[in-house]
Amino acid sequence: MRNRAIALALALLIGPALLPAAADYQSRVSAPPLLLSPDLTEPWVLQLRPDRRAVRPRVTTRPITAPPRASRYSAVRPQATAKRRVKRSIDPRFLPTTVAYDGKHKPGSIVIDTRERYLYLVEPGGFAKRYGVGVGRPGFEWAGKHKVTRKAEWPDWRPPAEMRKRQPNLPSFVAGGPKNPLGARALYLGSTLYRIHGSNEPWTIGRAVSSGCIRMRNEDVIDLYGRVPVGASVHVI
């Protein structure tokens, strides 16, 4: 009985001292883990401000604008094609020149080589003045010997009926001048429909493009016109 009373007295003396330690031990065991704030402006430990909710990081839906990238297609702009004016000119080998000539024709005669596209004005001493010419297109070739029966400066043009039948759009008459197909001069060959004449299309010299007439540059036919009299022989081969 006495021992029981002593134990009860000791418990009453020692018990209050042990309660805070036990309570502290229990609180440490059940305490939640620390939560750190992601916002530097908030308390670093959220438990220090229990009245505030955890701060969530702010998320924006605004798209990030990337710097524009140069497209390999947009960088290349189609360039406007400049209209080029094609300068039509005569082939230099058909320009007039003086050449050696050993043919049988007398000086003052005209010899036209339709295959080579040259007209020769035979000169004394074994030479000839050579000019480039345009000749009849396929189906309109011809050959023969004639004489110059008439000469005309800036002649009018009256297309033959046969030509107008083939080309109904041709006019019946074109006055002499720069736009006239016969050009600056014409040498008429007897009763034929053929002529040696100038042309307002000098780039056709050296080609087979006519209806049988012999074409020359205007400056060349003017030169020939001054050298050849009416009655001169013309040999077309």
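The values are calculated or read from the model by the stated rules, or taken from the named source; none is laboratory data. Fair warning: this is a prediction, and the values are worked out from it, not measured in the lab. So basically every Cβ, Gly included, is an ideal-geometry build from the backbone, and we count neighbours across all protein chains shown. The protein model used for the area step is the full one, side chains on, heavy atoms only, and it has no ligands, DNA or RNA in it. Shrake-Rupley method; radii C 1.70, N 1.55, O 1.52, S 1.80 Å.
Can you pull out the trypsin sites (Lys or Arg not before Pro) in segment 168-237 that DSSP calls coil and that have at most 15 other Cβ atoms within 10 Å?
179
With every protein chain left in place, what is the accessible area per residue of segment 81-159 in square angstrom, probe 1.4 Å?
Accessible area per residue, segment 81-159: 68 Å².
For the pair residue 201/residue 93, report the inter-label distance in nm, with labels modelled 7 Å from Cα in the Cβ direction.
2.2
Heavy atoms only, probe 1.4 Å: what % of the accessible area of segment 174-237 goes to carbon and sulfur, would you let me know?
The C+S portion of the solvent-accessible surface of segment 174-237 is 55 percent.
Quick check: net charge around residue 101, other residues with Cβ under 14 Å of its Cβ, Lys/Arg +1 and Asp/Glu -1?
Cβ neighbours under 14 Å give a net charge of 0.
With Cβ to Cβ distances under 10 Å as the rule, what net charge do the other residues near residue 211 carry (K, R +1; D, E -1)?
Net local charge, residue 211 excluded: +1.
Segment 107-164: which chymotrypsin sites (Phe, Trp or Tyr not before Pro) are DSSP loop and have at most 15 other beta-carbon atoms within 10 angstrom?
Taking segment 107-164 and a limit of 15 other Cβ atoms within 10 Å, the loop chymotrypsin sites (Phe, Trp or Tyr not before Pro) found are 140, 142.
Over 30 Å between Cα atoms, which of 129/179; 106/179; 104/165; 104/179; 147/179 qualify?
Going by Cα-Cα distance, 106/179; 104/165; 104/179 fall outside the 30 Å limit.
Could you pull out every residue, at least 5 positions away or on a different chain, whose amide H is within less than 5 Å of the one on residue 147? Hs are placed 1.01 Å off N in the peptide plane, and Pro or chain starts have none.
Counting only residues 5 or more places away or on other chains, the set is 190, 234.
In nm, to one decimal, how far is the residue 166 label point from the residue 211 one, both placed 7 Å along Cα→Cβ?
0.7
Step through the residues of segment 214-225 one at a time and calculate ³J(HN,Hα) from phi using the Karplus curve (6.51 cos²θ - 1.76 cosθ + 1.60, θ = phi - 60°), rounding each to whole Hz and writing x for Gly and Pro.
9, 9, 9, 5, 4, 5, 6, 5, 5, 5, 5, 4
Kindly report the accessible area of segment 192-237 per residue (heavy atoms of protein chains, probe 1.4 Å, no ligands, DNA or RNA), in Å².
Per-residue accessible area for segment 192-237 comes out at 38 Å².
With the crude spin-label approximation of a point 7 Å out along Cα→Cβ, what separation in nm comes out for residue 192 versus residue 233?
Here the modelled spin labels are 1.5 nm apart.
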